[in-house]
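Written below as structure tokens is the structure these notes are about.
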There are 2 protein chains.
Amino acid sequence: MEHRIERIKKQLHSQSYKLTPQREATVRVLLENEEDHLSAEDVYLLVKEKAPEIGLATVYRTLELLSELKVVDKINFGDGVSRYDLRKEGAEHFHHHLVCIECGSVEEIEEDLLGDVEKLIEGQWNFQVKDHRLTFHGICRVCQKAAIPANSSS
Amino acid sequence: MEHRIERIKKQLHSQSYKLTPQREATVRVLLENEEDHLSAEDVYLLVKEKAPEIGLATVYRTLELLSELKVVDKINFGDGVSRYDLRKEGAEHFHHHLVCIECGSVEEIEEDLLGDVEKLIEGQWNFQVKDHRLTFHGICRVCQKAAIPANSSS
DNA sequence: GTGACTGCAAAAGATTTGCAGCCAT
DNA sequence: ATGGCTGCAAATCTTTTGCAGTCAC
């Protein structure tokens with residue numbers, strides 16, 4: 001974890017930004033909750049546990065900065081809030097998500113599923129792809145299992 | 001166009017909703033601006049031209065209703081607003097978008113590009129796909145051309 | 001002391017809700 | 001007269017901004 005902080009620190013410095021204590025606390029929260037898809041408010045509450053004096057505006061400003069530096073990706077699952085997701089180290093593309101419409105759980109997929117599709121887009125539509133967002137909505141493993149008893153017993 | 005209104009009317013009736021004048025005006029605006037990706041506010045302003053007495057809240061309620069009935073899809077390109085996009089007749093899946101990061105234009109892609117990928121998701125992740133959202137961010141045809149002179153003349 | 005950064009409070013937007021009235025059945 | 005639907009205004013929620021104070025150099 002420390003080396004990831006270091007790396008982010010360097011990224012900030014390379015653009016003459018500083019890794020202030022508030023920013024570091026925010027990054028640590030993101031690292032510690034990498035699997036969750038935290039909203040700004042979520043991050044704020046978690047950061048506040050370690051650094052109670054921090055302001056919500058600072059969290060927003062930090063997340064926006066990290067977003068510009070491509071350290072995090074800002075995503076939106078259609079509920080009213082933006083969520084912030086750390087990029088995996090060296091990940092060139094945004095990863096994909098499986099959102100369960102029953103329980104709301106979110107699973108991540110790191111594989112690059114879209115290589116062929118992107119080639120098609122570049123060739124056929126003449127559109128130069130820089131990034132993508134792919135989210136599947138459906139029913140997760142757990143909720144599928146949960147649904148079976150109700151059906152089979154009827 | 002009329003037959004599409006009829007169809008939507010039937011869809012509403014089948015769930016015992018009515019196609020009131022306000023709702024019809026809203027649907028017409030959506031039909032007439034099918035290529036654009038209108039925000040609720042955009043729709044409101046356009047509806048107001050034909051039916052000045054309509055309220056913004058009604059537009060929101062109508063759009064939400066249409067969204068539940070899968071007549072429109074609610075999408076979010078990362079700016080702060082939701083946009084509403086008519087589903088093509090008979091379209092089983094949501095269509096895809098190419099968003100230009102230079103000029104902001106949005107192009108639609110009807111082709112189903114994700115058949116294979118969905119099979120993979122269902123098989124390998126055991127996730128039952130119901131719908132998906134795929135957006136590519138990049139540089140559109142026009143902006144690519146616009147960029148060439150600046151590079152080649154240097 | 002200068003410029004980057006912060007916290008707080010206020011502002012700005014987008015969307016939702018409460019409510020009284022209306023309209024068709 | 002009932003229930004769905006509407007307009008308006010107020011409320012809510014997320015995010016941004018203005019500003020005065022702080023800190024590192």
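When the range A:34-73 is examined, which residues are found to be touching a helix residue (DSSP H, G or I) at 6+ places or on another chain (Cβ under 8 Å), near DNA strand D (Cβ under 9 Å from one of its atoms) and away from every other protein chain (no Cβ under 14 Å)? Spell out how you get there, then give the answer.
Of the residues in the range A:34-73, the ones touching a helix residue (DSSP H, G or I) at 6+ places or on another chain (Cβ under 8 Å) are A:36, A:38, A:40-41, A:43-44, A:46-47, A:50-51, A:54, A:56, A:58-60, A:62-63, A:65-66, A:69, A:71-73.
The next check asks that each one be near DNA strand D (Cβ under 9 Å from one of its atoms); those that pass are A:40-41, A:44, A:56, A:58-60, A:63.
Residues satisfying the conditions are A:41, A:44, A:56, A:58, A:59.
Filter the range B:51-106 for residues that are among the small types (Gly, Ala, Ser) and either within 9 Å of DNA strand C (Cβ to nearest atom) or closer than 19 Å to residue A:133 by Cβ (or both) and give the result. Once the filter is applied, which keeps residues that are among the small types (Gly, Ala, Ser) and either within 9 Å of DNA strand C (Cβ to nearest atom) or closer than 19 Å to residue A:133 by Cβ (or both), the range B:51-106 yields B:55, B:57, B:78, B:80, B:82, B:104, B:105.
Of the set (1) farther than 28 Å from residue B:116 by Cα; (2) surrounded by 18 or more Cβ atoms within 10 Å (Cβ to Cβ), all apply to residue A:113 but (1). When A:104, A:80 are checked against the criterion of being more than 14 Å from the chain's Cα centre (by Cα), at pLDDT below 85 and more than 15 Å from residue B:120 (Cβ to Cβ), A:104 stands alone in meeting it.
Does the range A:75-90 contain any residue that is within 16 Å of DNA strand D (Cβ to nearest atom), of a type in the set (Ser, Thr, Tyr), within 14 Å of chain B (Cβ to nearest Cβ) and in contact with a Leu (Cβ under 7 Å, 6 or more places away or on another chain)? Steps first, answer last, please.
Step one: list which residues in the range A:75-90 are within 16 Å of DNA strand D (Cβ to nearest atom), which gives A:75-85.
Then keep just the ones that are of a type in the set (Ser, Thr, Tyr); that gives A:82, A:84.
After this cut, where a residue has to be within 14 Å of chain B (Cβ to nearest Cβ) as well, the list is A:82, A:84.
Now drop any that are not in contact with a Leu (Cβ under 7 Å, 6 or more places away or on another chain), which leaves A:84.
Yes, the range A:75-90 contains a residue that is within 16 Å of DNA strand D (Cβ to nearest atom), of a type in the set (Ser, Thr, Tyr), within 14 Å of chain B (Cβ to nearest Cβ) and in contact with a Leu (Cβ under 7 Å, 6 or more places away or on another chain).
Against the list (1) more than 10 Å from chain B (Cβ to nearest Cβ); (2) surrounded by 15 or more Cβ atoms within 10 Å (Cβ to Cβ), the condition residue A:136 fails is (1).
Here residue B:138 meets the list (1) under 15 Å from the mean Cα position of the chain (by Cα); (2) modelled with pLDDT of 90 or more; (3) of a type in the set (Gly, Ala, Ser) almost entirely, failing just condition (1). Every condition in (1) surrounded by fewer than 15 Cβ atoms within 10 Å (Cβ to Cβ); (2) away from DNA strand C (no atom under 13 Å from the Cβ) is met by residue B:29 except one, and the failing one is (1).
The values are calculated or read from the model by the stated rules, or taken from the named source; none is laboratory data. Treat the numbers as computed from the prediction; the structure is a model and nothing was measured. Heads up, the Cβs are rebuilt from the backbone with ideal geometry, glycines too, and the neighbour counts pull from every protein chain shown.
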